[in-house]
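*Asks:* Please read through the structure below; I'll follow up with questions.
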């Protein structure tokens, strides 16, 4: 650090090396009848980030099969909650300007709502923004986990553009540097650190984070295309990536911030926050990866899925039953269901004792009862062995069939002299 300060002091005034110049403007005024309205460049960068982030989110959300326009229904809740949460996190992570050093009451509470001066903490924005998104998702009938997966790359892209607001406000830069991309800060700016020469260059941490985030957008899109993350896993992957970069970028900054001592180490609150969020995100990412959800691809909440189309499938036969019921569809065999109904009605008018009754489809089906086994064939030998009287007694002992299918005994009679001709059922069978 001392070496960098010495090197910066040796550079003559007016001979600043290659560097990123300080901005020439920080906004513009809109004249009004009672004065003017100041539009800050910081706010424009935030708005540009929101617009581009929503665009990317809407494209990804539509590809997931979400209801049309639902991204805007969710954003109208998520954005205001996110801005409020981001501001609250910044106020309590850098409280001196608002509450005074050590909360001694010497601060200016009126600065809290002045967001145009800068100061939005990303983790407060994410937490309250997610709560607002949950409200919007419930109203739209979609899953929050599905939405945050779709929104993760867009959120990182929004942060990449929003960080340029720190450049126009000349704030949140790093320590001094002699690198050719060092950042110039106006010496008369309230954020210029005391004790440094006017021509000192500083690390453009806003640029580091912006480039880190843009790279992260490409990585998240590539990983999601390869692995198709669901159940919120892509969002937690975003949290891991962002905090990994935020740790080293935050450690470079020299602006005032709340210092926290843990495990014998004293550093900025945002550094500790990033470490803990990274660990928590990694744990949740692993746990979610072990869960199985057969409906993970659906973006809809259970019971909120869209109703199926009422139109019948093209090519499906539709007919009327004799009783007036409408029958549609085909059985597995490809025969229309109505054919079965028609066939059942036809059977009532067809003699059931015919040797070959037509099937439902019109193909003849032979009576399987006419197949006589060897043992039955031996029973047909009474003429030569036991006499005809026994065969006649056996025939008379068999009750008359009430159906149209000949009994085994009747079938045996067809092969004897004087019996019914083969293939023709006895007339007494049909009358009974």
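*Asks:* Taking the Cα-to-Cβ direction at residue 178 and at residue 293 and moving 7 Å from each Cα, how far apart do the two end points lie in nm?
*Replies:* Rounded to a tenth, the inter-label distance reads 5.5 nm.
*Asks:* Now, a different point. Which stretch or stretches of region 59-74 have amide N atoms under 12 Å from the point lying 7 Å from residue 135's Cα along the Cα→Cβ direction?
*Replies:* 74
*Asks:* Pull out the extension gain between residue 248 and residue 32, defined as 0.36 nm times the separation in residues minus the alpha carbon to alpha carbon distance; nm, one decimal. Working shown, then result.
*Replies:* On the way: separation 216, 0.36 × 216 = 77.76 nm, distance 4.46 nm.
Extra length available between residue 248 and residue 32 comes to 73.3 nm.
*Asks:* If you don't mind, there's one more thing I want to ask. Ranked highest first by the average count of other Cβ atoms within 10 Å around their residues, in what order do 248-261, 77-90, 270-283, 160-173 fall? Spell out each step's value before the answer.
*Replies:* Numbers: 248-261: 15.4, 77-90: 20.6, 270-283: 17.6, 160-173: 22.6.
Result, highest mean Cβ count within 10 Å first: 160-173, 77-90, 270-283, 248-261.
*Asks:* Quickly rank 26-33, 151-158, 190-197 as a protection proxy: mean count of other C-beta atoms within 10 Å, highest first.
*Replies:* Averaged packing, sorted descending, gives the order 151-158, 190-197, 26-33.
*Asks:* I need the shape label for region 22-113. Rule: rounded when a/c is under 1.5, else prolate if a/b > b/c, else oblate, with a, b, c from the alpha carbon gyration tensor. Could you put the intermediate results ahead of the total?
*Replies:* Details: a/c = 2.59, a/b = 1.53, b/c = 1.69.
Verdict is oblate for region 22-113.
*Asks:* Then there's this: Kindly state, to the nearest 0.05, the FRET efficiency for residue 261 paired with residue 104, given R0 = 30 Å and r defined as their beta-carbon distance.
*Replies:* Details: r = 20 Å, r/R0 = 0.68.
About 0.90, to the nearest 0.05.
*Asks:* According to the square roots a ≥ b ≥ c of the eigenvalues of the Cα gyration tensor, what is the shape class of region 2-290, taking rounded for a/c under 1.5, prolate for a/b larger than b/c otherwise, and oblate for the remainder? Please list the in-between numbers first.
*Replies:* On the way: a/c = 1.73, a/b = 1.51, b/c = 1.15.
Prolate is the answer for region 2-290, as a/c is 1.5 or above and a/b outweighs b/c.
Bear in mind these aren't lab numbers, they're just calculated from the coordinates by the rules spelled out. Bear in mind the structure is a predicted one, so any value in this text is a computation, not a measurement. Virtual Cβ from ideal backbone geometry, glycine too; neighbours counted across all protein chains shown.
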